[in-house]
Amino acid sequence: MIKVNLLKDPTARTRRTSVSPSTSRTGPLLIGFIVLVVVVMGAWYYVVNDQKNDLTQYRNELKAEEARLQALKIKLEQYEEDKQQVQSRINVIEGLKERQTGPVLLLNHVLHSIPRNRLLWLTSLVQKDNAVKIVGQTQKIEAIPDFMTNLSETGFFQSVDLEEISSQDDFSKFSLLCMSAQYELEE
């Protein structure tokens with residue numbers, strides 16, 4: 001049988017290896033990696049913060065533009081409303097002009113027939129059927145024939161006749177009798 005001695009011989013000399021402490025390579029690599037990560041994160045933060053400031057400024061510009069456009073929109077709506085009101089008034093006036101008959105047309109023709117450069121006043125205008133009696137005064141007697149001619153030229157009256165004329169100190173009174181032509185005067 002074989003005997004194996006498992007115990008160490010205390011007398012035997014063992015060779016001891018000397019271990020000298022050496023620095024590990026993982027420590028500096030780990031520190032370098034951490035520094036690199038911190039630098040990259042700092043640069044990324046700077047870029048993101050700059051983008052945030054740019055976008056904030058752009059948002060503020062857009063808000064100012066929106067406020068300006070809202071003010072313009074309100075002005076435009078007000079303008080459109082005013083335009084509709086004016087157009088409505090114009091339509092009413094044009095409708096009234098188209099429906100003018102009888103006395104309105106009579107007065108328009110008489111007013112447009114008064115000579116502009118002469119002193120002539122109308123004191124009375126009476127309409128009975130197709131006959132119209134116009135009574136007035138003037139400082140210049142030459143204005144009466146001009147007025148009669150203008151009335152005839154309107155085409156509204158078939159005949160214009162001088163009914164009476166009387167002169168006083170500084171003015172003359174006159175009376176005209178006019179017969180309407182083709183228009184039937186309404187009261």
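FYI, it's all coordinate maths here, none of it is from the lab. Given the structure is predicted, the values throughout are model-derived calculations rather than measurements. Cβ placement follows ideal geometry from the backbone for every residue including glycine, while neighbour counts extend to all protein chains displayed.
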The condition of being surrounded by 12 or more Cβ atoms within 10 Å (Cβ to Cβ) and out of contact with any strand residue (DSSP E or B) (no Cβ under 8 Å at 6 or more places or on another chain) holds, among Asn91, Asn150, Asn117, only for Asn150
It is to be established whether one or more residues within segment 132-153 are part of a helix (DSSP H, G or I), touching a Cys at 6+ places or on another chain (Cβ under 8 Å) and under 27 Å from Gln168 (Cβ atoms).
yes
Within the set of pairs 6+ apart or on separate chains, which have a first residue in segment 106-128 that is touching a residue at least 60 places away in the same chain (Cβ under 8 Å) and closer than 11 Å to Ile144 by Cα, a second that is part of a helix (DSSP H, G or I) and of a type in the set (D, E, K, R), and C-beta atoms under 6 Å apart?
none
